[in-house]
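What follows draws every value from the coordinates through simple rules; no lab data is involved. Being a predicted model, the structure only gives us computed values, none of them experimental. Methodologically, a virtual Cβ is constructed for each residue, glycine included, from the backbone with ideal geometry; neighbour enumeration extends over all protein chains shown.
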């Protein structure tokens, strides 16, 4: 069996879900022969490859940059997994949604918010599935390593997710 | 219901099981006596049922409408289904509607891990919200010396309203406004800390299913509640009288 | 007063009319008053006082139906009806009384709008002076109540109402006689009668008109109901937005009490029946019976699950009969003219007549009363005159926010409870809002959803949040930001809200949306975009 082309990405999140993913410890060794990590903030690839079997997305979609990224990723991914509450519900990044983006920029940067380098904020920070279709959801803040492994193994084997969802 | 009453004994069928009951019992009471689980949110034993959350809706053979188990009384020969694909879908939508309505950020909530809304999402398999989030702007009332009311986490189950009225007898809480603008108010829409009728008994906090009513000084996931309080108090009252 | 004394009053009034048959009636219902019929009446009275050679006398009467052309003025015994009478038309009108009719103001009373009507509820509105009990007595009023009090047993009254086949005119169409009988049989130390006058559908003004023009007809119906079911007190729950109706009701209650037709020992009998008014504070949901009862009891106006129905446990926990204004207004005619006469009108399952308020894009805006079973085509084209300005009628909304849109190609439909329901609408309380080809059906659905969303009491989740979500999604459709997946989301949410909501408001809130989707789906589809894939917006 050929290896699964596997990627992880990180939008507006705290990296906690990636930490939880690494928490798999020794199980990573079991997973390693089955997957080929083709893109991840944990490794040094600079561009998202053309054909990816499974992508784990951490974080909400908060800026135009996030939106472009996730649309690109969706186009090149067979199975897209929203990992963690930010990707699934917009969670903490979404707490800014009762304010206007301009108000937030002004609050943080004062009267002269930067016009370059900082990607423009979307009107609201939204879950991934509000922008592109998502195939599997793993809520949790962060989801436990055990949850991630079990879900991932089920996805690799084409089985339904055996772990009941749990926000928070 | 008082077991001493002379209510007629009836038999009915719940999920293909034949069960015995009294005719002054609701479908929910009978189901619970027989360990048949029906999800609920606004219901709390010891308080008058409201039939507001619509999670406990059940199908009754021969009736076209689905009916809330918490307020519907059983009748002789009734055939009840507590679950079906349609009921499951409706229940999941109720949970989705609630999550989309308020600002429920479980990760930073003092009730994280001890929240009925969170538990129901897990129980009913709600893994994501397939509706737009409304992101309302709602205030937090921290004017009470011991407790906080966070409207962002309120699901309008009105348990607090009922426990304050029916058990404590103070009727500090009520609801104001209509539709999604409806919200819990203390007295005549005063800050809780200034509500003269409040006895600071904290029953409302103990019965609140989410992190809307909480004790001060609790950090994330530290708030644990005693939902059995009204049941214990009303039973004691019944035995005492 | 005894029945004999009351008959004397009626006779004196009739004699006065016989002595002075030359009468001018000016409509003093809210519609005509809003275009200065009050001033027309005043000017007429002053002008006539100055012309003793002209024997006519002017008085304010009730609604004559054609609100589009108000103020309306009738001239008897000539049988003339004038329309669009402005205060400064009065001199010419007075002059015409001595010479020949004023041709340019004549209203054609042989038009279908008038001759196709059958008046039971609106009967004699053109002669009854709303603020005078004597005038109602002269028109045959209160004979039914006197008859019931002196000669009929409650069982006989129940039987008459049951045999008439009358069904609730508030929207649901529940058989009135059956409801009365249930309350009559229910156990309770006390019983109550409630008249639901919380008419809140946009574009509906039937009940307002009845209360403004013949408040005594409603009181009479309530008293008869009280006698039949064994109640001694009644409440009229009327919305505060109807100040004129409230004022006339209050006056009518005082008059009826003075004449011994309401209060202790009605007509000298053992039967006592008090009536009080309760004002609604502008909440549509208080038209729902359990919310209405909560509101009368002084609690927040929100519904509770039924059963138990108010007929078993209603006001203050006692068996309570709730009917709407129009239902009660039918009772006196059923008693005086018999159940068989009433049942001879209408269809097999929908007996009698129904009052409709024609509004929207229609020539003859106004109030009509027609036999059940008439076709929508007759109402909208023949009587209503179709859409104004050369436009074509596209659809009609019946039943307000709880009803549905019926497209013009279905207008051969018979107007009765079952046929309307079959098409996804309801009879409702009688509002008919006509739309022409310039109306967007998505807009119509959005308007009604916005209404339901802001009128939801907020108690149950599906209605509170579901209507808000549906409204939001409809806005997205309208702004061309919704996808096919959103439309599917709308449809499944409609099903959920309809099935699981606590009361009628939520259960029927999706109806306008579903019916416009059923008949005008292309209007939705034309607005869809597919660039958002499956994502909720």
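If the Kirkwood radius is taken over C-alpha pairs of the range C:180-331, then at 10 °C and 1.306 mPa s the Stokes-Einstein diffusion coefficient equals 104 µm²/s. Pairwise Cα distances in the protein assembly as shown exceed 42 Å in 47 percent of cases.
Provide C:515, C:344 in ascending order of the number of other Cβ atoms located within 10 Å of each residue's Cβ, fewest first.
Details: C:515 25, C:344 12.
If I rank by nearby Cβ atoms, fewest first, I get C:344, C:515.
Within the listed set B:171, B:144, B:128, the residue fluctuating most in the Gaussian network model of chain B (springs between alpha-carbon atoms under 10 angstrom) is B:128. Highest mean packing first, where packing is the average number of other Cβ atoms within 10 Å per residue, the peptides C:403-415, B:109-121 line up as B:109-121, C:403-415.
Normalised size of the range C:395-537, defined as Cα radius of gyration per 2.2 N^0.38 Å with N residues, equals 1.01. Principal-axis analysis of the Cα atoms of chain B puts helix B:229-240 at an angle of about 60° to the longest axis. Could you work out the helix-only [θ] at 222 nm for chain C, with each DSSP H run of four or more residues adding -39,500 (n - 2.57) and the total divided by the number of residues, to the nearest 500 deg cm²/dmol? Calculated from helices alone, the mean residue ellipticity at 222 nm is -12000 deg cm²/dmol.
Given Cα pairs under 8 Å that are at least 6 residues apart, what percent is the relative contact order of chain C? Mind dumping the intermediate values first?
Details: 1152 pairs, mean separation 74.1, N = 537.
Relative contact order here is 14 percent.
Between helix B:85-101 and chain B there is an angle of about 10 degrees, using the helix long axis and the longest principal axis of the Cα atoms.
Rounded to the nearest 5, what % of DSSP beta bridges with both residues in the protein assembly as shown are antiparallel? All intermediate terms of the calculation are to be shown ahead of the outcome.
Working: 51 of 98 bridges.
Of all bridge pairs located within the protein assembly as shown, approximately 50 percent are antiparallel.
Derived from the Cα gyration tensor, the three semi-axes of the equivalent ellipsoid of the range C:353-439 are 18, 14, 11 Å, largest first. The reciprocal of the average 1/r between distinct C-alpha atoms defines the Kirkwood hydrodynamic radius, which for the range C:296-383 equals 16.3 Å. Which residue fluctuates the most in chain A, going by a Gaussian network model with Cα springs under 10 Å, if the choices are A:87, A:112, A:32? Comparing A:87, A:112, A:32 in the GNM, the peak value goes to A:112. This ranking places C:249, A:42 by how few other beta-carbon atoms lie within 10 Å of each, fewest first, which gives A:42, C:249. Derived value for chain C: Kirkwood hydrodynamic radius 24.3 Å. Basis is the mean of 1/r over every pair of different alpha-carbon atoms. The residue A:118 and residue B:142 beta-carbon pair, evaluated with R₀ = 25 Å, returns a calculated FRET efficiency of approximately 0.15.
Calculate for chain A the 222 nm mean residue ellipticity that helices alone would give, adding -39,500 (n - 2.57) per DSSP H run of length 4 or more and normalising by residue count, nearest 500 deg cm²/dmol. Provide the component values of the computation, followed by the final result.
Numbers: 6 runs with 51 residues, N = 168.
The helix contribution divided over chain A gives -8500 deg cm²/dmol.
Output the antiparallel fraction of DSSP beta bridges having both residues in chain C, as a percent to the nearest 5.
Details: 27 of 54 bridges.
Of all bridge pairs located within chain C, approximately 50 percent are antiparallel.
Pairing the Cα long axis of helix C:154-164 with the longest principal axis of chain C, what angle in degrees results, from 0 to 90 and rounded to the nearest 10? Taking Cα atoms only, the helix is inclined about 60 degrees.
Within the listed set A:37, A:29, A:121, the residue fluctuating most in the Gaussian network model of chain A (springs between alpha-carbon atoms under 10 angstrom) is A:29. Taking every DSSP bridge with both residues inside the range C:3-115, close to 60 percent are antiparallel.
Using only C-alpha atoms and all pairs of different ones, pull out the Kirkwood radius for the range C:3-115 in Å with one decimal.
14.7 Å
Each of C:148, B:198, B:42 has some number of other Cβ atoms within 10 Å of its Cβ, and from fewest to most they run B:198, B:42, C:148. Computed on the Cα trace of chain A, the radius of gyration divided by the Kirkwood hydrodynamic radius gives Rg/Rh = 1.00.
Per Stokes-Einstein, at 25 °C and 0.890 mPa s, what whole-number D in µm² s⁻¹ belongs to the range B:1-142, with the Kirkwood radius over Cα pairs as the hydrodynamic radius? After rounding, the answer is 146 µm²/s.
Each Cα pair under 8 Å and six or more residues apart adds its sequence gap; the mean of these over the residue count of the range C:4-88 is a relative contact order of 36 percent.
Placing one equal scatterer on every Cα of the range C:442-525 and applying the Debye formula, the log10 ratio I(q)/I(0) at q = 0.13, 0.18 Å⁻¹ is -0.33, -0.64.
Its residue count N sets the reference 2.2 N^0.38 Å, and the alpha-carbon radius of gyration of the range C:284-326 equals 1.04 times that reference.
Here the contact order of chain A, divided by its residue count and restricted to Cα pairs under 8 Å and six or more residues apart, works out to 26 percent.
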